[in-house]
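Structure, as structure tokens:
What follows is calculated from the coordinates using simple rules that are stated; it is not laboratory data. Small disclaimer: the values here were computed from a predicted structure and weren't measured. Neighbour counts run over all protein chains shown; Cβ positions are idealised from the backbone, glycine included.
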Amino acid sequence: MSALTPSEIEILAVKLSKRREQLSAMIRAGTADAAHDSERLGPQVGDPGDESAALQQTDLNLTEVETELRELKAIDRAFERIKEGAYGYCIDCDCAIPYARLDAYPTAERCTECQTRHERMYGGRDTTPSL
Ligand SMILES: [Zn+2]
């Protein structure tokens, strides 16, 4: 039951580390933005409408950062699995995840069927949608 060739894993590992760099940069920029927004808000804001709009903006940034952090964790887990030789196998049913799926979602931990079932159970908040 061998899913991926070493060179395929290599390609996916490069994708994962590039994505990790991208995410780290986005998280740094995102948290900087959020900090900047609340600074600018300050005590001089008179109109409460403006204030809540600015707060909503900050919330939005934080939500984005949370999503990015979640994906970053998924990438770390993927690297763990590469090290353990478990990468490319579904964590639920142990079957081999097709390379096409991993190519689209290198952080995929489940085969399409298990992912669909998982999303149905947990509301699809996973970072690796089913193909
Ligand atoms: Zn599965």
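For the stretch 95-110, the Karplus equation 6.51 cos²θ - 1.76 cosθ + 1.60, evaluated at θ = phi - 60°, returns couplings of 7, 7, 7, x, 4, 4, 5, 5, 5, 6, 10, x, 8, 4, 10, 10 Hz by residue, with Gly and Pro reported as x. Within the stretch 105-120, name every residue whose backbone N is under 16 Å away from a label modeled 7 Å from Cα of T63 along the Cβ vector. No residue qualifies, since no backbone N sits under 16 Å from the label point.
Across the stretch 61-67, coupling constants 3J(HN,Hα) worked out from phi with the 6.51/-1.76/1.60 Karplus curve, θ = phi - 60°, read 4, 5, 5, 4, 4, 4, 4 Hz, and Gly and Pro carry x.
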